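Reviewing the structure listed below.
Just so you know, all these numbers are worked out from the coordinates, no wet-lab data involved. Keep in mind that this is a model prediction, so the values were computed, not measured. Positions of Cβ are generated from backbone atoms using ideal geometry, with glycine treated the same way; all protein chains shown enter the neighbour counts.
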Amino acid sequence: MRINEKEVNNSYMAYARGAVRAEQRGDYTTASTLWNKAATATCNSHNLHWALYRKSHCNHAATKQWSNPNASQAV
């Protein structure tokens, strides 16, 4: 998903919305990238900490392949 930050007044919110949509699709790699962009956008400290937390969460989810139904094998 490509977000043109020049079309919105709040680039943090644009990246955050894109990241949320990517998470909902199970695309945690893209979500992590967008959360990183949100964290580097101008925002308050609460939003910065939230974006960094979500980035970490999405990195973990991508590593564990949470969105892949075949990733874990039944015992």
Ascending count of other beta-carbon atoms within 10 Å, so fewest first, for TRP35, TRP66: TRP66, TRP35
Please compute the net charge surrounding SER67, taking Lys and Arg as +1 and Asp and Glu as -1 over other residues with Cβ under 12 Å from its Cβ. 0
Based on the mean of other beta carbon atoms within 10 Å per residue, what is the order of 16-22, 39-45, 28-34, 51-57, most packed first? 28-34, 16-22, 51-57, 39-45
